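A short worksheet on the structure shown next.
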Amino acid sequence: MDDPMKSQEVCAIIGASHAGVNCAFALRKEGWKGKIIMYDGDPELPYHRPPLSKAYLSAGDIMGLTPLKSEAAYLKEDIVLRLGTRINAIHPKRKEIILENGDSQAYHKLVIATGARPIIPRIPGIETATHLYPLRTAAHVNCIQEAIKSGAGKEVVIIGGGYIGLETAASLKKLGANVKVLEREERILARVTAPVMSDFFHQLHTENDVEVLTGKNVVSIESNGNQNTVTCEDGSHYIADLIIVGVGIKVNVEMAEKAGIKIKNGILVDNSARTNDKDIYAIGDCTYHFNTYYDRFVRLESVQNAVDQAKIAAAAICGKEAGYNAIPWFWSDQFDVKLQMVGLSEGYDEVIIRKENTDNCFSLWYFIGDDLLSVDAVNNAKAYVWGTKFLKSRVPIDKEKLKDSTVDLKAIPKV
Amino acid sequence: MAKITFITNDGEKTTLEGTSGSVMSLAVENGISGIDGDCGGVCSCATCHVHVAEEDMERVGEASEIEAVMLELADDVTEFSRLSCQIEISEGIDGIVLTVAE
């Protein structure tokens, strides 16, 4: 049997973002005495990604990245960072990984935290567009800032009205750009929220002078070298100095798949984040994992999942019993609105809106039958916190009390 | 500039100097164990919970409304609880002692 406490053993981690970094530190906390070597193609000291489309982008170039951990912390915990180094292959039989320069590194335990990459849809002309970027890394944001720098009044077209697109719209608006959001569906945030939330954010952006256009399927992009013309299926055209693509992600699972690791909508892992290879774990956005609360497999794009799975994997690698049992949570900041979400709304058959007495302060409670599935809270931390508590305890909710904002949230469970 | 002392769960005392930014950032930059700051400092995760020493509470100030609500998600909350991402470093808090929550 493997002894995780042996000091000569190696745990290699592919991917040094929220999942990988938290796993490395958690391994030390759980008592891993061996080497920890972490690889990432991104040359930057690993940083928080959520601020990229929010505070980091809107601050122009005056704000630095927010590091996940300081350089000193990696040294202190003896975690070796190989930044700017991609991994090309995994050989589970030989228990080694192959670096892009051809070198190999043997491992005893391997953690795959490769995350996801933005989808660049196959739109004619997208390859030759001027200043077209997705937004997932610091390098993307730096390119966007560079493109927007030479003055206010730049024309920006954002393809995709999801969270990334909308957060980016709000941030670029703050920088003085003219921003249009082109959404293919009939409403923004269609995949992730109820129509009432889509309406709220549509209005918020409109009030802040962002043009939100729905039912806009982009069919071509033409560049004259300086500017682009974005054409939609309905024949409409939009001029763009800068185009941001935010239409979703594709999980980075190809390398794992080639190595014979089971893939199903992501890297398939068990409750301790282990793949079908007993020495290979996978964590974060790239995984397809079982959620005990919702009793189904899910794939999540979130900091919460990355951090929680990282801790579970670390414990399991160190031979401790650990099972993933977390209720997902997310957040988004747009203009002065703070949206906090807990749970997964998929499959809901009823949404209850609870409006508080303050402006722009409300919450959506998603149910299937009598079971609460999730809560979206707008400028309403209280609803978020109580929603979290009710989800955790699975306490039945009195829907009539919930609708009535004069009844304190504390008192909405059925008695 | 302010000197801030952190007492971690293992009883270790670390004094750090900061000039600006949040106490959470200072702690994370210096690897103070138990202060994670998973959300990056936007008062969304309650993973940077500290207990302020009683005698320093007046200088540090009480939690804001949102922060107080978010603290309800943390364990072991007392009247001296704060989320350290919401404490700005300034000369006014020089010398304070914070105990990292479990």
Taking the range B:64-82 and the residues there that are β-branched (Val, Ile, Thr) and outside any helix (DSSP H, G or I), the one that is nearest to the other protein chains (Cβ to nearest Cβ) would be B:Val77
State whether the residues of the range A:80-99 include one that is under 24 Å from A:Ile267 (Cβ atoms), free of Cβ contacts under 8 Å to residues at least 40 places away in the same chain and assigned to a loop (DSSP other than H, G, I, E, B).
yes
Which ones in the range A:309-326 are within 18 Å of the chain's Cα centre (by Cα) and modelled with pLDDT under 95?
A:Ala326
Quick check: anything in the range A:63-73 in contact with a helix residue (DSSP H, G or I) (Cβ under 7 Å, 6 or more places away or on another chain), more than 17 Å from B:Ala27 (Cα to Cα), part of a helix (DSSP H, G or I) and among the aliphatic types (A, V, I, L, M)?
no
Residues in the range A:225-244: is at least one out of contact with any helix residue (DSSP H, G or I) (no Cβ under 7 Å at 6 or more places or on another chain), within 30 Å of A:Val111 (Cα to Cα) and outside the structural domain of A:Ile352 (by TED's automatic domain parsing)?
no
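When you scan the range B:42-75, how many residues do you find that are farther than 19 Å from A:Ala383 by Cβ and modelled with pLDDT of 90 or more? Can you show your working first?
Of all residues in the range B:42-75, those farther than 19 Å from A:Ala383 by Cβ come to B:47-62, B:75.
Cutting the leftovers down to modelled with pLDDT of 90 or more gives us B:47-62.
Going through the range B:42-75 one residue at a time, the tally reaches 16.
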Looking only at residues in the range A:366-390 that are within 12 Å of chain B (Cβ to nearest Cβ) and under 22 Å from the mean Cα position of the chain (by Cα), which one is surrounded by the fewest Cβ atoms within 10 Å (Cβ to Cβ)?
A:Asn379
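Quick grid of which residues meet (1) assigned to a loop (DSSP other than H, G, I, E, B); (2) in contact (Cβ under 8 Å) with a residue 12 or more places away in the chain; (3) touching a Gly at 6+ places or on another chain (Cβ under 8 Å); (4) surrounded by fewer than 20 Cβ atoms within 10 Å (Cβ to Cβ):
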{"residue": "B:Asp10", "(1), (2), (3), (4)": "yes, yes, no, yes"}
{"residue": "B:Leu16", "(1), (2), (3), (4)": "no, yes, no, yes"}
{"residue": "B:Ser20", "(1), (2), (3), (4)": "yes, yes, no, yes"}
{"residue": "B:Leu26", "(1), (2), (3), (4)": "no, yes, yes, no"}
Considering the range A:364-415 alone, what residues qualify as being in contact with an Asp or Glu (Cβ under 7 Å, 6 or more places away or on another chain) and under 15 Å from A:Pro328 (Cα atoms)?
A:Val385
Based on this model, can you work out whether A:Lys180 counts as part of a strand (DSSP E or B), surrounded by fewer than 24 Cβ atoms within 10 Å (Cβ to Cβ) and in contact with a Phe, Trp or Tyr (Cβ under 9 Å, 6 or more places away or on another chain)?
yes
Given the conditions (1) more than 13 Å from the chain's Cα centre (by Cα); (2) of a type in the set (Gly, Ala, Ser); (3) more than 8 Å from chain A (Cβ to nearest Cβ); (4) farther than 19 Å from A:Ala381 by Cβ, which single one is not true for B:Gly31?
(3)
Test each condition in (1) away from every other protein chain (no Cβ under 11 Å); (2) within 25 Å of A:Ala377 (Cβ to Cβ) for B:Cys85 and report the one that comes out false.
(1)
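On the given criteria, is A:Asn360 among the polar types (S, T, N, Q) and modelled with pLDDT under 95?
Working: among the polar types (S, T, N, Q): yes; modelled with pLDDT under 95: yes.
So A:Asn360 passes the test.
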Within the range B:43-62, count every residue that is more than 9 Å from chain A (Cβ to nearest Cβ) and more than 11 Å from the chain's Cα centre (by Cα).
8
Confirm whether A:Thr214 is closer than 27 Å to A:Arg299 by Cα, of a type in the set (S, T, N, Q), modelled with pLDDT of 95 or more and surrounded by 24 or more Cβ atoms within 10 Å (Cβ to Cβ).
no
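Condition check ((1) buried (at least 19 other Cβ atoms within 10 Å of the Cβ); (2) of a type in the set (S, T, N, Q); (3) within 14 Å of chain B (Cβ to nearest Cβ)) across all residues:
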{"residue": "A:Lys250", "(1), (2), (3)": "no, no, no"}
{"residue": "A:Ile261", "(1), (2), (3)": "yes, no, no"}
{"residue": "A:Lys264", "(1), (2), (3)": "no, no, no"}
{"residue": "A:Tyr281", "(1), (2), (3)": "yes, no, no"}
{"residue": "A:Leu300", "(1), (2), (3)": "yes, no, no"}
{"residue": "A:Val303", "(1), (2), (3)": "yes, no, yes"}
{"residue": "A:Ala314", "(1), (2), (3)": "yes, no, yes"}
Tally of residues being out of contact with any helix residue (DSSP H, G or I) (no Cβ under 7 Å at 6 or more places or on another chain) and more than 17 Å from A:Arg394 (Cα to Cα) across the range A:360-377
3
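The values are calculated or read from the model by the stated rules, or taken from the named source; none is laboratory data. Keep in mind that this is a model prediction, so the values were computed, not measured. Here the Cβ is made from the backbone with ideal geometry for all residues, glycine too, and neighbour counts use every protein chain on show.
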